[in-house]
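Only one structure is covered here, and it is reproduced in the block below.
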Amino acid sequence: MSSSEPVVNVENLTYTYGRGAEAVHGLNLKVQPGRCYGLFGRNGAGKTTTIKCLLNLLRPQKGSVRVFGLDAVKDETAVKSRLGYVPDQVAFYPWMSVQETFDYLASFRDHWNKEIERGLLSRFQLDASRKTAVLSKGQRTQVALIAAICPEPDLLLLDEPTSGLDPIVRREFIETVIGAYQDGNPGNRTILVSTHLITEFEGLIDEFTIMDGGRSVLTLEADAARDRYQKIRVRFTDAIPELNLEAALRVQRRGRELELVVNGGGPELLARIQQHDPESLTTEALTLEEIFVNALKVQAV
Amino acid sequence: MSVSVVRLEKEVRPLMGVWAALILIGFVLIAIPKGVLGFSWDALLLGRLAGFWIGLPLVATLSMGHEFHYGTAPLLLAQPMDRRQIWREKWIALLPMVAFVAFLYLLTGRGLGFPVDAYHLDGKAGVLGVVWLIIATASAPFWTLVGRSVLNGLVLNLIQGFVLFQIWQWAEFAAGYLLRPEAFLVVIFAGIAYASIMLWFGYRKFVRFEVDTGSMSADVLIPGFKGADRFSGIFLSRPNQPLLNLVRKELRLLWVVWLLTAISVVGVICLAALQFAPGYSLDRVGILVAGFVASISLLSSILAGSLSMGEERSTTTRSWHQTLPISAARQWIVKLGVVLAGAFIAAALPVAVATLVIGKGLAVPYGLGFPNQNLLFILLFSSILSFTGFWCGCLVKGTIRAALLTLPVLVLIFAGIRVILNLIYVLHFMANLLDSLVLRFHPFPFSGEPGYLGPARNWLIALPLHFADFQSYRLFQTDAHERLVHVLRSLFRVVGAAIVSAAVVTLPSAIQSRAAQLSFYGVMQVDEAVRRMPNLIPAEGGIQLTLQDLSIPDLSPSSRVILRDAVVSVERDRRVRRGVVTSVRFRNGLSCSFARGWSCKPEPGK
């Protein structure tokens, strides 16, 4: 794979369950190496189906899926040997202890970092001798995270990784574990995370795609998104004057105050507002979650 | 430990439970003589049959099916390993286990449940059994991947077995060389060829397998028979009918039982048609039908019980139902009622159809048949199996576990009863201990022949099951037991109840039986004393005597107690030359006479 080639390259992916239940339709996705890529969407948007296609747990019915430049179907083993996966519903063999589970999963790998295993077990305060059957949902997710990170893969696929984790562990996981994973080999370790808890990943996401009804609604770099999606708050001395607000995604009026959300076209709108000499005028970038909500609202309209 | 050993251990572990149970049955049958085990021997033979025809295919199904059962299919298939390697490792673990059990079972008897005499199979039954086992084992991965659960895979595999059996029968008939050696060879060749094809299908299915459901474990319902949806209108909930909706839900949960019942009815009709084919006697067809119906009824009854709670435990809808504003008692009664009714219908309907199409030719298979098509017997048989399955479903999590636990639980309960029956039999030989009980609590007056419990003792099981009935209500309200110690604790309570109830019922019977013996000895001693004094007996009429008059020197202490205040009447027996009739009227009014035989009757008016 050349350095410019994306780690994940999905082109025109379509997958339909049973009769007519189209989960993904014509999806295009490119994830560059070393990036943390977010796949955002509501429940049933097609995020899990997309990730399963990357793992060859589902076979694309149309389009192509390439991971590390390899065909995810034909070169299944080669692809999987370079990635780690945390599923949305974590399940282990109940008769195995945590340690036995790690030993079992390590048996499939060429490389397994024992130091990381010990360090994360201690950080999550997990007892390695406990049976996986008696672990809570959150603890099972922690075990799955450790198992995904210990082989030090080039690509980490996380499907709703923080669901079931308590706030402290969730923060620990996002800030420390994911951060440490990427810092281990900067510029080469890639993360593809599917979630609807967008706020949690706000600082980590480099680029994202918002999905709805199996289609891509919006794909942007996080910084570009924050530049484009702006919230403008204006307070006028008198009543709100007549303004051309067609460029605004959302308009909210409260007495002499006006709150606008814009997707691009912010400077022109600001210039128009300033002509009316407002009492105060502030602009701020939208959070990724607000962008997500607004993008889907526009989609719904 | 090398990585391949770690992976192999993981493949072996989920099969171990069922495999160990099958091995245990085989070893017990080899190691312990029939006389020691009594009724449990028959249960073990039945267990061996079920083990060979259902247990071994289950082991083969578990190899792939446990990944669905535990929801680990995505975990396994997401690993960087060629699926062909995973497939190979599964077979490396499975094959020796199946082969070992098959070998052990063939050692313990080659019939394997085939009606050898009716088929003139002689030594060929074992070979046919092995061919069937090869087919069932080779097909197991394919059917499991199609059914996406252990239970679906097993049921599909067993249906396949039945269909192949039908094809074999009709092909023999059509070819016109019934039971000739060449037919036997063709069957073996065709069987192995079919197994190879199914193995190839299974391999292809696995290599291309898509995990299109979540990792949720499901035994039957979630990925299921799509045909069920066509009938779903019957099971649709209606507003304002909470109780009926519970019933509908229960009926839907038993979907597999209804399917098996339908298959059983169709199967009976297909098999019955053989009676018109040349070479097939009515007796032979009767044995076939009875064996078929008995095995499907056994499976249906166990499933009816275990599905109801097992599915709800697996899908966690049980705890959800606990939050509904409807009492637990009502939910429990609805569940149990539908289970028992469902099991009865599943057992009785095929029998009714079989009786209709076969008539008197319907045979009694393995001692578990249908004596006089007795509906009460079928009701009791299906109720015991389904209720035990239901109890197991309340105790553990999941249909498979509950179904697997059902027969061992029944064997343990019967064994508990058997232990007490044997103990009481031993008590007869410890006369002093039993006599002290008899002389203290002897159950006079009694009339007629004081009997032991006889065949009725088998129905002693009703008592511990009644106890289990109450226990199941308590278990129904709690979460399933995951730890072995909890399961054993509940199990021991039921087995303990079996032991206590057997003792409570049989001890009075033993005391009564011993009391009758002692009375007999007492009257016999009196009679011998009378005969030693022929001058005492008048030529005409009779004479009344007391024990003091007879002055019996060696009267046993127990006879002294029993005969205290008794009045002895002696008269000539005119039907026999120099014959004497000795009658003893006990103080409680019971009158026993000893002439050519022994009889007792209570005093008129008492």
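Values quoted throughout were computed directly from the atomic coordinates according to the rules given, and no laboratory measurement underlies them. If you're wondering where the values come from, they're calculated on a predicted model, not measured in any experiment. Every residue, glycine among them, receives a Cβ derived from its backbone with ideal geometry; neighbour counts consider all protein chains shown.
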So, in nm, how far is label residue B:192 from label residue B:210 when the simple model puts each one 7 Å beyond its Cα toward the Cβ?
3.8
If amide H atoms are modeled at 1.01 Å from N in the peptide plane, then the residues at a separation of 5 or more from residue A:156, or on another chain, having amide H under 5 Å from its own are A:84, A:190, A:191, A:192
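May I ask you to sort B:269, B:134 by Cβ crowding, counting other Cβ atoms within 10 Å and putting the fewest first? Could you put the intermediate results ahead of the total?
Values: B:269 15, B:134 20.
Fewest to most other Cβ atoms nearby, the residues stand as B:269, B:134.
Specify whether the C-alpha gyration tensor of the stretch A:162-239 places it in the rounded, prolate or oblate class, a ≥ b ≥ c being the square roots of the eigenvalues: rounded for a/c under 1.5, otherwise prolate if a/b is larger than b/c and oblate if not.
Details: a/c = 1.96, a/b = 1.70, b/c = 1.15.
It comes out prolate by the Cα gyration axes.
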Could you run the Karplus curve 6.51 cos²θ - 1.76 cosθ + 1.60 with θ = phi - 60° over the stretch A:143-149 and give me ³J(HN,Hα) per residue in whole Hz, x for Gly and Pro?
4, 5, 5, 4, 5, 6, 8
Using only alpha carbon positions, build the gyration tensor of the stretch B:532-578, then give the equivalent ellipsoid semi-axes as the square roots of 5 times its eigenvalues, largest first, whole angstrom.
23, 11, 10
Straight-line reach only, C-alpha to C-alpha below 13 angstrom: list the aspartates and glutamates that residue B:10 could link to, leaving out same-chain residues fewer than 8 apart.
A:100, A:103, B:67, B:89
Can you put B:64, B:97, B:309 in order of Cβ neighbours within 10 angstrom, beginning with the fewest?
B:97, B:64, B:309
The stretch A:103-261 pair-distance distribution - Cα-Cα, 10 Å bins, rounded %:
8, 29, 26, 17, 11, 7, 2, 0
Per q in 0.07, 0.08, 0.15 Å⁻¹, report the Debye log10 I(q)/I(0) for chain A, using one uniform scatterer on each alpha carbon and no solvent.
-0.33, -0.43, -1.14
Å³ per residue of the Cα convex hull, for the stretch A:178-301?
126
Say each of residue A:254 and residue B:524 gets a label point 7 Å from the Cα, pointing the same way as Cα to Cβ; how far apart are those two points in nm?
10.7
Within chain A, helix-based [θ] at 222 nm, where runs of 4 or more DSSP H residues each add -39,500 (n - 2.57), nearest 500
-7500 deg cm²/dmol
Members of A:131/B:90; B:205/B:335; A:131/B:397 lying beyond 28 Å, as alpha-carbon distances in this model show
B:205/B:335
Going Cα to Cα from residue A:30, which aspartates and glutamates come in below 15 Å? Please leave out same-chain ones fewer than 8 positions away.
A:5, A:11, A:71, A:206, A:207, A:221
Using θ = phi - 60° and Karplus 6.51 cos²θ - 1.76 cosθ + 1.60, couplings along the stretch B:200-207 (whole Hz; Gly, Pro as x)
5, 4, x, 4, 4, 4, 5, 5
Which far-off residues, 5 or more places away or on another chain, put their amide H under 5 Å from the one on residue B:254, with H placed in the peptide plane?
none
Rounded to the nearest 5, the percent of antiparallel DSSP beta bridges in chain A equals 70
Can you work out ³J(HN,Hα) from phi for every residue in the stretch B:502-514, in order, using Karplus 6.51 cos²θ - 1.76 cosθ + 1.60 and θ = phi - 60°, giving whole Hz and x for Gly and Pro?
5, 5, 4, 7, 8, 4, x, 5, 5, 5, 4, 4, 5
Row for the stretch B:485-535, column shape: gyration tensor on C-alpha, a ≥ b ≥ c, rounded if a/c < 1.5 i.e. under 1.5, prolate if a/b over b/c, else oblate; value prolate
